Every structure is written in structure tokens, then in C-alpha cells.
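Asks: First the structure, then my questions, so here it is.
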Amino acid sequence: MGYADPSSSRDLLGNRTLFFIFICAFAVVTLLQQILYGRNYIKRGLQFSWQSGEELGNWTGIFNFTDDGAAKTGSDAGGRYRLTQNDNTPEYTTQCCWYFEFYEGPLDFNSTKCLELRKDIMKVKVLSMVKETDLFDRWRSLQVCKWEMNVTEANSFKSQLSRCCNAPSFLFTTQKNTPLGTKLRYEIDTSGIFPISPEIFKIFPKDMPYYRSQFKKCAVIGNGGILKNSKCGKEIDNADFVFRCNLPPISDKYVADVGMKTDVVTINPSIITERFQKLEKWRKPFYDVLQGYENASILLPAFYNTRNTDVSIRVKYVLDDFESQQSVYYFHPQYLINVSRFWLLQGVRAKRISSGLILVTAALELCDEVHLYGFWGFPMNPSGIFITHHYYDNVKPRPGFHAMPSEIFNFIHMHSRGILRVHTGTCF
């Protein structure tokens, strides 16, 4: 009677097992090689990109590598990064077929994908319709799109502001819009009257120093913690005109993030009262602080209420005493009233709109293109990481005084419509 040798079965089973293990090991090694291979190409691409001065993440084209390690760029209709080997002879070029698509670069503002992303934001009509985290997600998704101004939308919005507010004529209190003897009404103390005497009249400029669309590109700088570590200082300083709010610090400690250039800076009279003793004693320290802004014009809400008037006018006298060349201007109270009414219709309901929103409104009339930095009225950045209230401290404003989230919500909508650009990321 025949029988099977058990040892032969074990050998067969063992051989199959060893063969299976060998195949698995080979597959794992091959996979690791492919991963390392791909990483090396990404690394090489980034390295060559750096050597040639190109930003890989913002460019879609062909890499041409020469034998000496230099990189040239070309175009590729496929929108992918193509590696090209060049033997450095003019008549012979060998192109290899290696492609990688780890990043396609920013998408066109009006591409199909970007239209969808913008539509997702515009669907949210009021801030209460959406959770903050959902709004952050939509905003973060939109960052893959290059921003460009929509001239039609921007001009339409500027026309609305011209009809309601007219910054080129009424942003500042001037001799032209407030003649001698005018009984000027305050912004909130509407029962209060401030008669324009000869002494006060002569400190007003004859007319507005700025006109409609005078500046090509303007930067309006908020003081939000979103600016910290942004490295946006150089980009801000390259703007044609720069607005800043409420005497923020621009020392060496912050210059990389916020820049130094300042053309107009606002001062809340409460800052003068609290930090500089109403200028009754601390005149020189106040003057020294203003010199950090070089030739920037100073803008104050002298006629917001009766408490603001004396201390605001005192600023002009202090600068005159120190023979400063800096100009001092005062918001026209009617302009502030009209701007508040305009934004109320846009859904900004607050005891008072922020100085930043007032400056943005003015910039939209005075500038062709408006860019916002440091405007983000939420305790977390778009990635959900907690940030300080200001880039220089974490002191919160009085609750219920401003409606910062509502203001930022409007800016996000305006960004999506191509009216202005909101910067919330890192600058390069």
C-alpha cells in the first residue's frame, strides 16, 4: 500500500512559504525605493528651483537641467512639472518622461474651481448662518485661488461709496466743507454744537489733500494678531500708500511682519488721555512716538463727541510747538455718520464701527486697488490656531463696542467679489 512521505509535504509547504515571503519582501523593498525615488525628485526639483530663483509652488512649467546643475524653465501646456535633461550642447537636448504633480500652483481667480469656492462663501448671507469653523474652512479653501480685482464689481462699490460718503470731499474737516462760523454738529452728541471760530478755522486744511483714485495700490493695516509671524512687512512697504490704525508699534521688533511705511495713522483720543496725560505734561514723549512714523499725517476723530475735541486739537498745537512737518487732520463728523449708516445696511451692527473699517471705506475711494493686512476679528486663525488679539499684545476691547467678526465677514465677501484683497496668510 502506497503512502505519502510527510517530509516531502513539509518541504513543499516550506518552499511555498519561503517563496511567498520573498515576494512580499521584494514588493516592500520596491515600494520603499519608489517612495525614496519620488522624494529625491521633489528634493531635486526644489533645489534646482531655488538655484534658479523660481518659486516651485507658484510655477507650472518645464524644468531644464544642464550638466552643471543649472535649471532653466519653459512652458508645459499640461500644467505639470516636467524634468528635462540637457547635455549643454545647443544642438542636442534629451528630454526624459518624469512627471510629478504634487502641487499645481494657484488657480486662476475665474477658473471653474475658484468660481465654485467663491460661490460657497457668497452663499452665506449673514455670519449667523454658519459656524466659524465652517467659514474658516471655506476661506482656507479659497486660498488656492489667485486673487484679482473685478473692475466691474469694484467700480460699482466705489460708486455706492461716492454717493453716500464722498471721501475725496468730506473725509477730513476742511475750510472748504466747513466754512468759518459753521455750527458743527458732533457725530454722536448730536445735540452738541461746536462753533468754528477763526482760531479753529485756520488749523483746518484749505481742501482735501487727496482725490479720487489718486493711488494705485493701497495697504490698510489692522492690528490683529493674524499679522504676527506673517513676514508681510516688505510687501506692505511696497504699497503706494499705507494707512494704519490707532498708533500701533512699528519698531524693529515688528517691522518684518508689519513694515514701517506710514502715510496716514489714526489716533484714538483715549490713547492720548491714558498714555500721555491729555498732553498736559507728557508732550515730548508723545512727540517722540510720532517721529517713529516720520512724515505720516495724523488723523483724529475730534468731533466724534465733546470729550474728544480739546485733546485732539491739542495734538496740532504740540506738533507746531516742536516744529514738526507732520500734518494733523480731523475726520468730518458727517462723513463718519454716513459711513456708519452705509455699513449698517451691510449688516454691521455695532455701537461704533472700527477705525479700520473707516479707513478701508476711505481707501476704496482714494485708491484703485486695496489690500488689507491684520484684519481678522476671530480668536483663531483660519487654521484653527489661537492667536493674540493684537500683534503686539492680547488686550481685548470693550465687549459689544465693535462688531469685528461682522466687519471681517463683509471683507471676506468683498474679497470673493474681487473688490478688495484680504491677506491672512504668510507673505513671501
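The values are calculated or read from the model by the stated rules, or taken from the named source; none is laboratory data. Computed from a predicted structure; not experimentally measured. For neighbour counting, all protein chains shown are included, and Cβ atoms are generated from backbone atoms with ideal geometry for every residue, glycine included. Protein only, heavy atoms only, side chains kept; ligands, DNA and RNA dropped before computing areas. Shrake-Rupley method; radii C 1.70, N 1.55, O 1.52, S 1.80 Å.
Asks: Only residues that are under 26 Å from ILE353 (Cα atoms), part of a loop (DSSP other than H, G, I, E, B) and of a type in the set (A, V, I, L, M): list them for the stretch 173-207, please.
Replies: ILE188 - this is the single residue of the stretch 173-207 that is under 26 Å from ILE353 (Cα atoms), part of a loop (DSSP other than H, G, I, E, B) and of a type in the set (A, V, I, L, M).
Asks: On to the next question. Against the condition closer than 20 Å to ILE236 by Cα, out of contact with any Pro (no Cβ under 8 Å at 6 or more places or on another chain) and surrounded by 19 or more Cβ atoms within 10 Å (Cβ to Cβ), how does ILE408 come out, does it pass?
Replies: yes
Asks: Has the stretch 292-301 got at least one residue that is open to solvent by 60 Å² or more (accessible area, probe 1.4 Å) and of a type in the set (A, V, I, L, M)?
Replies: Within the stretch 292-301, not a single residue is open to solvent by 60 Å² or more (accessible area, probe 1.4 Å) and of a type in the set (A, V, I, L, M).
Asks: Related question: Might you check whether a residue that is in contact with a Ser or Thr (Cβ under 8 Å, 6 or more places away or on another chain), open to solvent by less than 40 Å² (accessible area, probe 1.4 Å) and either farther than 22 Å from ALA167 by Cα or not basic (Lys, Arg) (or both) occurs anywhere in the stretch 207-215?
Replies: yes
Asks: Ok, one more. Can you tell me which residue in the stretch 112-137 is nearest to SER383 (Cα to Cα), limited to those that are without any contact (Cβ under 8 Å) to a residue 40 or more places away in the chain, part of a helix (DSSP H, G or I) and not acidic (Asp, Glu)?
Replies: So, considering only residues that are without any contact (Cβ under 8 Å) to a residue 40 or more places away in the chain, part of a helix (DSSP H, G or I) and not acidic (Asp, Glu), the one nearest to SER383 (Cα to Cα) is LEU117.
Asks: Output the strands (runs of 3 or more DSSP E) that fall wholly within the stretch 275-378 and possess 1 or more residues being under 23 Å from the mean Cα position of the chain (by Cα) and not polar (S, T, N, Q), or say none. Before the answer, list the steps.
Replies: On the way: elements: 297-300, 328-330, 367-373.
In the stretch 275-378, the matching strands (runs of 3 or more DSSP E) lie at 297-300, 367-373.
Asks: While we're looking at this one, here's another question. Within the stretch 332-355, can you find the residues that are open to solvent by less than 10 Å² (accessible area, probe 1.4 Å) and either under 18 Å from MET208 (Cβ atoms) or in contact with a strand residue (DSSP E or B) (Cβ under 9 Å, 6 or more places away or on another chain) (or both)?
Replies: Residues satisfying the conditions are PRO333, TYR335, LEU336, VAL339.
Residue-wise test of (1) open to solvent by 30 Å² or more (accessible area, probe 1.4 Å); (2) among the small types (Gly, Ala, Ser).
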residue: LEU117; (1), (2): no, no
residue: LEU127; (1), (2): yes, no
residue: ARG140; (1), (2): yes, no
residue: GLU148; (1), (2): yes, no
residue: ALA167; (1), (2): no, yes
residue: PHE172; (1), (2): no, no
